[in-house]
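The values are calculated or read from the model by the stated rules, or taken from the named source; none is laboratory data. No experiment lies behind these values; they were computed from the predicted model shown. Here the Cβ is made from the backbone with ideal geometry for all residues, glycine too, and neighbour counts use every protein chain on show. SASA here: full protein model, heavy atoms, side chains in, ligands and nucleic acids out. Shrake-Rupley method; radii C 1.70, N 1.55, O 1.52, S 1.80 Å.
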Amino acid sequence: LIGLHLVRGRWKVVATSFGIAAGWYLSSAALLGWGWAGEWLEQVGDFAALDAEVNGANAISWLGIAERLLGVGSTPALLIGGTLALLTAAVLVLLWWGRTDDALAIPMAAASVGIVLVSPHAMFYDAGLVVFAVAGLAAVERGGLGALVAAGWFVGALHPLKEVVGLTPVGLVVIGAFAVVVHTWWHAGPEVARPTTAVEVVGGATG
């Protein structure tokens, strides 16, 4: 997300984020030593590999889905999952690129679900970020949003079927949300309308 703000030219957001990151690293180094980040990454890598084996039915990212279907760490899974993740990231960069205005409804809507798809490790509960995609679509008064939300709830409710089909249907909700946001942006053009107040966003999302 910080990278997307960078390609958008929002330098203050990026500088502030790096400043906060540096502060957290230094405070952690004072407690755990300068090499704490490397040790943390090593443990995370081991956990992710194990979790992909035992918890793969809950995966909703491109790589997680590919590994569940084609084998954890397999070459086809890495190629297919990695390619889809790169394509998704490219779409996000295209959507955010060079914009310096404050019309962030659609860019943030796309990022909220696109980041989940790009992530090497994302589980069904991460699909909660779809709510930000819904808010963004409501902000630009996307037609038929109520029906789309209902469809998303219905598919999400089929999550227990993961034990039968081997993969959670919740991933389809995230993929569908991303497709709807990109479709809305593509047909609305670069100058997507934005709400004037936060009340309009909340009211549109709940109404």
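Here are some residues: VAL140, VAL131. Which one is hydrophobic (A, V, I, L, M, F, W, C) and over 26 Å from LEU167 (Cα atoms)? Full working, then the answer.
Details: VAL131 fails: over 26 Å from LEU167 (Cα atoms).
From the options VAL140, VAL131, the qualifying one is VAL140.
Check whether at least one residue in region 123-140 is loosely packed, with under 15 Cβ neighbours inside 10 Å, out of contact with any Gly (no Cβ under 9 Å at 6 or more places or on another chain) and not in a helix (DSSP H, G or I), and report yes or no.
no
Taking region 155-176 on its own, how many of its residues are open to solvent by 20 Å² or more (accessible area, probe 1.4 Å), more than 18 Å from ALA90 (Cβ to Cβ) and under 16 Å from the mean Cα position of the chain (by Cα)?
3
Can you tell me which of ALA188, ALA147 is at pLDDT below 90 and either more than 20 Å from LEU95 (Cβ to Cβ) or open to solvent by less than 70 Å² (accessible area, probe 1.4 Å) (or both)?
Going through ALA188, ALA147 in turn, the sole match is ALA188.
What's the total number of residues in region 68-110 that are over 20 Å from VAL181 (Cα atoms) and either in a helix (DSSP H, G or I) or open to solvent by less than 20 Å² (accessible area, probe 1.4 Å) (or both)?
Qualifying residue count for the region: 12.
Working carefully through the options VAL7, VAL13, find the one that is open to solvent by 20 Å² or more (accessible area, probe 1.4 Å), assigned to a helix (DSSP H, G or I) and touching a His at 6+ places or on another chain (Cβ under 9 Å). Full working, then the answer.
Working: VAL7 fails: touching a His at 6+ places or on another chain (Cβ under 9 Å).
So the residue among VAL7, VAL13 that is open to solvent by 20 Å² or more (accessible area, probe 1.4 Å), assigned to a helix (DSSP H, G or I) and touching a His at 6+ places or on another chain (Cβ under 9 Å) is VAL13.
Of all the residues that make up region 19-56, how many are part of a helix (DSSP H, G or I), free of Cβ contacts under 8 Å to residues at least 12 places away in the same chain, more than 30 Å from LYS162 (Cα to Cα) and not hydroxyl-bearing (Ser, Thr, Tyr)? Break it down into steps so the answer makes sense when it comes.
Filtering region 19-56 for residues part of a helix (DSSP H, G or I) gives 19-32, 36-54, 56.
Among the residues that remain, those that are also free of Cβ contacts under 8 Å to residues at least 12 places away in the same chain are: 19-24, 26-32, 36, 38-47, 50, 54.
Filter once more, keeping what is more than 30 Å from LYS162 (Cα to Cα): 19-24, 26-32, 36, 38-40.
So of that shortlist, the ones also not hydroxyl-bearing (Ser, Thr, Tyr) come out as 19-24, 26, 29-32, 36, 38-40.
Of the residues in that region, 15 qualify.
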